[in-house]
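The structure appears right after this line, and notes come after that.
The values are calculated or read from the model by the stated rules, or taken from the named source; none is laboratory data. Everything numeric here is computed off the predicted structure, so don't read it as measured data. With ideal geometry, Cβ positions are generated from the backbone for all residues, glycine too; neighbour counts draw on all protein chains shown. Areas reflect the complete protein model, heavy atoms only, side chains present, ligands, DNA and RNA absent. Shrake-Rupley method; radii C 1.70, N 1.55, O 1.52, S 1.80 Å.
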Amino acid sequence: MTAQPVLKTDLMQTRKVKPCLVSSELNRELTRELDKELSKELKKSTQSKFSKAAARYNTHANVQKHAASDLFSLIKPGINKNKLCVDLGAGPLVNTHTLQSMFASVIAMDLSINMLQSSNLTAPKICADMDNLPLQANSVDVIYSNFAVQWSANFPALMQSLYNILKLGGQAYISTVVEGSLNEIKTAFAALDSNSHINTFNSEQYINQSVQNAGFTINSAQKRIYTDEYTIPLKAIASIKAIGATTQNHTNTRQGLLTKSALQKVCSAYPLINNKACVSYHVVLLSLQKSD
């Protein structure tokens, strides 16, 4: 019996065909195209910054490691040896290594080729955009994704795509950053101007609703707050750059580098807890199933 292919084979043959539009539809089409172009630019920025952060990612991704451990605890042991798992947003393959001890085969997938190449781990590696996954429908048993899906340009569409890719009965284990994260940095920059200096994240309610709308059964949905502590505000601010997470997924951003005086003003306004500069991440951990 021939195994079902996992990768799509007709990607290069796909082409856009624009329909003829009446004037009432033209504005909507132009708006959609503008949104696409903005999304492309943000995606390029995300790819570039994560690629630059590849070499130092493991040293600084402390919160990500804690979330990964909690996400692993949701996976039931001993029943996965014959299954295919995709590590979506695999980064430098730290979690891929652990997943290989759980599943028969693990594919590491990431938007950044530098992240994938930074690891010597032997595993199938695919450089691809999560918003345009090159995977066949009903071809994967398990999807594992830690601290990645918040970078999707269209979260509901991504959830629908993951649902389609999974086999019947397939599982998805996902952690995603949600609203409320990086509030300390947001507070500090508010002393400088009214522009946004951090990413905006989806609400927990929006995440859960999108997952359910895609067709998933939610076996578990847990909210956690992970916190990193630094001796000075400057190190706290630098920490999000060290993991590539400074891409701002909106257009209301301040342009240009901060002057020395501006940076000093931001650091002075940084809220301290017990003389520590904290960076907090609000994270939802999901255990999902494709039931029908």
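Within segment 117-136, can one find any residue that is crowded, with 18+ Cβ neighbours inside 10 Å and basic (K, R)? Checked against the condition, which is being crowded, with 18+ Cβ neighbours inside 10 Å and basic (K, R), segment 117-136 yields at least one hit. The one condition from (1) assigned to a helix (DSSP H, G or I); (2) under 19 Å from the mean Cα position of the chain (by Cα) that G180 does not meet is (1).
When segment 49-71 is filtered for residues that are at pLDDT below 90 and surrounded by fewer than 18 Cβ atoms within 10 Å (Cβ to Cβ), the ones remaining, listed by number, are K49, K52, A55, R56, N58, T59, N62. Residue pairs whose Cβ atoms lie under 8 Å apart, sitting 6 or more positions apart in sequence or on different chains, and linking a residue in segment 177-203 that is more than 19 Å from A269 (Cα to Cα) and modelled with pLDDT of 90 or more to a partner that is open to solvent by 30 Å² or more (accessible area, probe 1.4 Å) and outside any loop (DSSP other than H, G, I, E, B), are V177/H282; V178/E204; V178/K223; V178/H282; E179/E204; E179/H282; F201/H282. Residues of segment 197-217 that are open to solvent by 30 Å² or more (accessible area, probe 1.4 Å) and not in a loop (DSSP other than H, G, I, E, B): E204, Q205, Y206, N208, Q209, Q212, N213, T217. Close contacts from segment 136-147, counting a first residue that is under 11 Å from Y173 (Cα atoms) and free of Cβ contacts under 8 Å to residues at least 60 places away in the same chain and a second that is of a type in the set (F, W, Y) and part of a strand (DSSP E or B), with Cβ to Cβ under 9 Å and a gap of 6+ residues or different chains, come to I143/Y173; S145/Y173. For segment 73-89, the set of residues classified as open to solvent by 80 Å² or more (accessible area, probe 1.4 Å) and under 21 Å from the mean Cα position of the chain (by Cα) consists of S73 only. For the condition modelled with pLDDT of 95 or more, assigned to a helix (DSSP H, G or I), within 22 Å of L285 (Cα to Cα) and not charged (D, E, K, R), L74 does not qualify. Starting from residues that are out of contact with any helix residue (DSSP H, G or I) (no Cβ under 9 Å at 6 or more places or on another chain) and of a type in the set (D, E, K, R), keep the ones in segment 162-192 and report whichever is least open to solvent (accessible area, probe 1.4 Å). Taking the candidates together, the pick is K167. Residues of segment 97-106 that are part of a strand (DSSP E or B) and open to solvent by less than 20 Å² (accessible area, probe 1.4 Å): V106 alone.
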